[in-house]
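For reference, the structure is listed below as structure tokens.
The values are calculated or read from the model by the stated rules, or taken from the named source; none is laboratory data. Computed from a prediction, not measured in an experiment: that's the story for all the values here. No Cβ is skipped: glycine too gets one built from the backbone with ideal geometry, and neighbour counts run over all protein chains shown.
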Amino acid sequence: MALQALHSSGVAFRKILSHFPEELSLAFAYGSGVYRQAGPNSDQKNAMLDFVFTVDDPIAWHSENLKKNWSHYSFLKVLGPKIITSVQNNYGAGVYYNPLITCDGRLIKYGVISTTLLIEDLLNWNNLYVAGRLQKPVKIVAMNENVILQSALDKNLKSAVTAAFLMLPESFSEEDLFIEIAGLSYSGDFRMVIGEDKTKVLNIVQPNMAHFRELYSSILQENPQVVYKTQQGRLEIDKSPEGQFTQLMTLPKTLQQQINHIMDPPGKNRDVEETLLQLAHDPDCGDVVRLGLSAIVRPSSIKQSTKGIFTAGLKKSVIYSSLKLHKMWKGWLRKTS
């Protein structure tokens, strides 16, 4: 599996993991504290470490974690693990974050998501939230032998390549591709207007080209629709209507449905395949795909950020938002200087 190429043997990550209940189907670290980024996130040593923990039984996991780490939770902890899990699963993007936690001398943020909901997001792009993070290089800290989850992780990477192809010209560079892939989960994200540094995607990709290459090279080499010139770092893809229709038909279900909704005039009620066949012949195909992505990401990012006020608590939410705005301001000053 492609993600295993980035498996972490870091003792620091495993030490942090030891402070939490062990029942994890997947745990990974991501962001500027793990992979060096350019711009305002370049201070890797002091950057907050971001984790996602995937659990089969969220109620049991939160119950155990409340015993071990009561102070990590907001006022919701007094309502118990069932309410916490209900908030986690039913609001926003299906992930429950505890930010600004000091653990083993490092500032960390960790999100908890159910294995079932993660698999659905990886396969269908229901929210493209945690699935979007897994389209970029991450450090796998723990992973069990869940074949369905491993298959879904692979499918998510292949879907990211396909969506990027549809928004790129016939010939492009590796950097162009990886910038497009890294930007998928930021399409329509309101935080890119308020709170996130505008050059975030470029800052993620440029210092980490080797990691992106490691993550995606086998997928690109095995894809029959692309000529991958590894020595030159260039790619050529099939932009014929037939080629684009093949790509559109393999996109995740939720994205296909959003595209159908965008293109289907009132009263027509065409099926998805008919809409995608029409789009394959449209010179604005890539723009419609981008609109479909925005229609997925925008509501989930707004709901997830709103949920953060309750899961983090008001005080932590204000501090966390201030840190984000400070980074955006530093990025803006860097850009204008």
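Residues that are modelled with pLDDT of 60 or more, surrounded by 13 or more Cβ atoms within 10 Å (Cβ to Cβ) and not charged (D, E, K, R): list the helices (runs of 4 or more DSSP H) wholly contained in region 253-337 that include at least 1 such residues.
Numbers: elements: 253-263, 272-280, 285-312, 314-336.
Result: 253-263, 272-280, 285-312.
Would you mind finding the one in P224, P169, P137 that is over 30 Å from D56 (Cα atoms) and in contact (Cβ under 8 Å) with a residue 24 or more places away in the chain? Before the answer, list the steps.
Values: P224 fails: in contact (Cβ under 8 Å) with a residue 24 or more places away in the chain; P137 fails: over 30 Å from D56 (Cα atoms).
From the options P224, P169, P137, the qualifying one is P169.
Using beta carbons and a limit of 9 Å, which pairs, at least six apart or on different chains, have the first residue in region 35-54 and closer than 15 Å to L107 by Cα and the second one assigned to a loop (DSSP other than H, G, I, E, B) and at pLDDT below 75?
N41/D197
Of all helices (runs of 4 or more DSSP H) completely enclosed by region 194-249, which ones contain at least 2 residues that are farther than 18 Å from L168 by Cα? Lay out the reasoning, then the answer.
Numbers: elements: 200-205, 209-222, 241-249.
Where helices (runs of 4 or more DSSP H) fall fully within region 194-249 and carry at least 2 residues being farther than 18 Å from L168 by Cα, they are 200-205, 209-222.
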